[in-house]
Amino acid sequence: MMSASAQALEAMQMRTMMARMGGGPSGPGVGPAGSIGGSMQGIMGASGGRGSIQGGLSGMGGAGANGHRGSQPDSFFDSQHAIHQQLNLIQQLQAQQQQMGNGGGGDSGLGGIGRRGDSSSGIASAAMGLASMDGGSSSGPAARRMKLDHQTPKAPSELQIQQAHQQQIYQQHHQQQQQQQQQQHNEQQQQQPQLQNGNGGTDANGVPKTIAAHTHLLELSDPDGSRLRAFYRLSVDELFGFPPTPTDEEYCARLNIHGMTPRMIPGTHLAALSAARFAEVAVGAIVHNEAPLAMELCNAVVHCLKESVQDPVQPPYMFEVARSYFLLAVFRAFRGDTIRYFKYRRVCLTYVSKLDSATNATTLVAAVSFLDAWAYMIYNADEKKVPHIDNSIPPVERPPQAILTRTTTVEMEYNVRCNPACIASDPRNQNWIQGAPPVFLNNEAPLRARSLDALACAVRTCCDQANGRFAAISKSAKANNMEAIPQETIITPTTTAVLAHESQLCSRNMVLSAFSLLEQYEQVTPNSHKNQGIHLVMSAMDAFLDNGDDDGDGGFTDSQIQSLLSVANIVIENPLLLHHAGPTYHMVSNAAVMLCHLLNSMYMMKGGANGIRKEQELGGGMEAAMFEEILDSFTALRKLLVIHRRKLPIKLRCHSIPRPSLVLPVNGKPFIDLGETLLCACRGCQGFVLMACSPVVAAQKAQAAATKRDVEAAREARVEAADELDKDMEDLSHDFNLDDDALLGMLSQLISN
């Protein structure tokens, strides 16, 4: 028969092997049977068989803290060193048992330790086990109980003291872990946003409420979802022409995996696709002025993106992720939240720099460029006033040196890089794309994207020229109270590029080139879509950049009048185009101002009020009919602009244009007094109102406009403070902003790493 030590070693090895395979006879938990006493009974019991040895080692393998039975095997048994330690322990206990003989001294010693410690611990169980062995077969249960009751305490052995000490340390550590886990759980509950009682939080299944409540809008058959997507496509997407978000079936086909079904799409992929779909309906909701719904849908986009960034973004859906961040930037621009606008814009460019598809990348870059032209106007090209976000969202990482060193002849000539990754990471493009138009100069880019980028460059050039004119006006009028205009807002990278290649990049030629590219696009892409959004921008720019009639007296040309009426008619037919993500609304406002100048000019040419009365008595003529047509167009356009202006935050509003006088003004007074105009904060827009003023008058009106804007802002603040609905909207916006900031914080860490 094998010795007890050999049997113990064999059983221990079997126990270790079974523990590694997850099928061991016991886990790391302990109970009354899982004690050292039980293991000793198995080794030294009367039977001495293999089953007893295995049972004893099973009990020893279970020694540990209470309440953890059934968890993963303890890593202590996964090393050979641990096995030797267990064998040494068995041999020491055997030696102690032999020394104790048939007396009760051994049991008194271990019994003393058992009583000193926790009665439920493994050491107390070991004392009870050794007491039962000492009595032998001649002692019955009553005699054994008497021995335990009348035994004399004896000093414990050194090994037993170490075991007790280790057991106490383990229990203390386990209690500390439980306390820390409970504390973390309590803190998480305390940090839950107040949305738990409102529109935020999660439902019973742990899904964010803003997602669970609006998932039906993502179905193509849902009427409300279709309506919101229509608003999005007739406004923002009408200009940019993004490819549609794929359905689940189309995405499976994109993956090109045999047997792939929508149910097999990974969770992060589905989250990214859902974010793209929610972004479309969110923008559609805010375009239709459904602000509470729009904010909830925007929050759903944020939650989906938080889920999608749990794993690295994969190429198959990276464009959808980049476009989602771009639409979040558009949403924040509509809300006047310029800080988060610049953050989401930079995150979008970060993903654009990693896109594999050059077509999708350049399409997004052109959209960003046109949206940047709006920010360029709002900040008057002054980058010092732009929110500093480098500490929260790092600049876009530069591409590998191999890409940076590959330059074409066009890139070297215009000092620009046309690769989307180079455009996104260019240090001068971190706030807005500037310099020579990179997408326009890329002959391999989509025609529509090249046309849009050319228009953005023309807008930037006009803003730089306006800064230069107002600097000259301030100097000429010696208006010390006017805001200082930094030189770097006049000689910008865009102006530098235009001056170096004026025949190609001047504003007039940029508009003509954009029109030519759009014509080519419409020829190769025959469809029912008329691209009215881009045609609207082109008509406005064509009217602004017309050099006047051939006589040189500063009057309006026929083509200029036709362009202005075209702008008015397109907007009257499609008011949603005012929601373009870019400077379109400001362009339409300035076109309305030019219609005012045109009406005033025609009014003066007819001899004022007396001339108008004579024409009415004579039945009128061609000029009278044109005057009435222009007046009708202006009145309708002004009404749409007033409605749109009221929806915007104060700092995003363009001119407040006065209406025509209800009675014919006295001679010498204009038909529409533009002196009553509340000017836009953008210098490029102010120039349209002040175009007929002397430098001194222009400087005075520009100064007065700033004061009027402050008065308007104070009045709006009082109205909003008294409106309960506005208070609720502000609270809702504050709560949802917390989720945006959490997403941006995650992105900051991901980009930094």
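The values are calculated or read from the model by the stated rules, or taken from the named source; none is laboratory data. What you see is a predicted model; the values in this text were computed from it and never measured. Cβ atoms come from the backbone with ideal geometry, glycine included; neighbour counts cover every protein chain shown.
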In segment 476-511, residues that are assigned to a helix (DSSP H, G or I) and buried (at least 16 other Cβ atoms within 10 Å of the Cβ) total 13
Expected single match for in a helix (DSSP H, G or I) and either closer than 22 Å to A361 by Cβ or over 13 Å from the mean Cα position of the chain (by Cα) (or both) among P316, P312 is P316
When every residue in segment 438-472 that is under 17 Å from A381 (Cβ atoms) and among the β-branched types (V, I, T) is compared, the one nearest to the chain's Cα centre (by Cα) is V459
Note on segment 644-668: residues farther than 23 Å from N380 by Cα and in contact with a helix residue (DSSP H, G or I) (Cβ under 8 Å, 6 or more places away or on another chain) are P658, R659, P660, L664, P665, V666, N667, G668
Of the residues in segment 442-460, those that are within 15 Å of S507 (Cα to Cα) and of a type in the set (A, V, I, L, M) number 6
A careful count of residues in segment 641-658 that are of a type in the set (A, V, I, L, M, F, W, C), surrounded by 17 or more Cβ atoms within 10 Å (Cβ to Cβ) and in a loop (DSSP other than H, G, I, E, B) gives 2
Requiring at least 1 residues that are closer than 30 Å to N299 by Cβ, the helices (runs of 4 or more DSSP H) wholly within segment 328-443 are 338-352, 358-378, 420-425
Consider A230 carefully, then state whether it is more than 23 Å from N289 (Cβ to Cβ) and of a type in the set (G, A, S).
-> no
Checking R254, R233, R277, R263 in turn, the sole residue that is surrounded by fewer than 24 Cβ atoms within 10 Å (Cβ to Cβ) and within 30 Å of I643 (Cα to Cα) turns out to be R233
Exactly one of M594, M604 is among the aliphatic types (A, V, I, L, M), surrounded by fewer than 21 Cβ atoms within 10 Å (Cβ to Cβ) and not assigned by TED's automatic domain parsing to the domain that holds G336, and that one is M604
In the set R469, R428, the lone residue that is under 20 Å from L690 (Cα atoms), of a type in the set (D, E, K, R), surrounded by fewer than 22 Cβ atoms within 10 Å (Cβ to Cβ) and modelled with pLDDT under 95 is R469
Kindly evaluate G533 against the criterion of being at positive phi and either outside any loop (DSSP other than H, G, I, E, B) or touching a residue at least 40 places away in the same chain (Cβ under 8 Å) (or both).
no
